[in-house]
Amino acid sequence: MKFLLFVIVIIAIGTVTIKLKRRNHMVMRDALQKIWDSIPEEQQVMPSAPTEPVISAPSYHPPEALYSNEITIPADLPIREEIEILLYMSEKYPQEVQIEFYEPVNNTTIAMFEERTGVVLPEEVKALYLFSNGLDIGRETLFFEPLALIEQEYNMGYCDWAEEGDANDYLLIGSVIGDGQYLALHKKSGHIFWHDEGDMTDYDTVENLLHWVIEFIYEGYIGKGEDARIDAYLYA
């Protein structure tokens, strides 16, 4: 009999506790609802579920230009000789040759660029951007665009420079002579192409392209045979 009374008491206490918890919960809920209803509708913002972080493309801002005396050419730069010749030409023949370098990017910037665009840059191109974030030779005789500008144009779907159907095969990376002729990177082969009114010339590497630019400027504006150092580089 005592045991039965004990069980009844326990059940009664449990029931009362549950009812009190429910009552408190309802009171709290009603209070919160009143607070919510007092907030103007336009300010009622429900919390959103957490989402995966989105890696967005950076806004384009022209990189800071560097003076020639601020340039340090890495010993292992694949285009070291070409850069040295261009610097020499710009110092000895400043009226004929102008070259502009920019504050370089780092490996993290390159990796994020590749992740966002899905384009893997050739090692030689990476080395160029780790040395200078773009390159302007002869006032856009040859212009490698900064990485952020390349990505901006990529996101805009800018491809009217390519043959119809080829837009997905190339990445616009710069311009030549500045009058509608473009530099394009072939995504699969990694070759550098010069696109000129529908004609695609394969220069293969940045080194080959810079060699052509040096020859073009030298023979067109200075004169073949006028400088022994440049002659040795071009014709030896």
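The values are calculated or read from the model by the stated rules, or taken from the named source; none is laboratory data. Note that this is a predicted model, so its numbers are computed, not measured. For the accessible areas, the whole protein counts, side chains as well, though only heavy atoms, and no ligand, DNA or RNA atoms are used. Shrake-Rupley method; radii C 1.70, N 1.55, O 1.52, S 1.80 Å.
Things to note:
- Stretched out straight at 0.36 nm per residue, the stretch from S68 to E219 would grow longer than its current Cα-Cα span by 52.0 nm.
- Rounded percent of accessible protein surface that carbon and sulfur make up, segment 104-157, 1.4 Å probe: 49 percent
- In whole percents, the pair-distance distribution calculated for segment 80-122 from its alpha-carbon pairs, binned every 5 Å from zero, is 5, 19, 17, 13, 13, 13, 12, 7, 1.
- Working note: Karplus 6.51/-1.76/1.60 with θ = phi - 60° gives segment 68-75 the couplings 4, 6, 9, 8, 10, 8, x, 5 Hz, where Gly and Pro are set to x.
- Accessible area per residue for segment 57-102 is 61 Å², calculated with a 1.4 Å probe on protein heavy atoms, without ligands, DNA or RNA.
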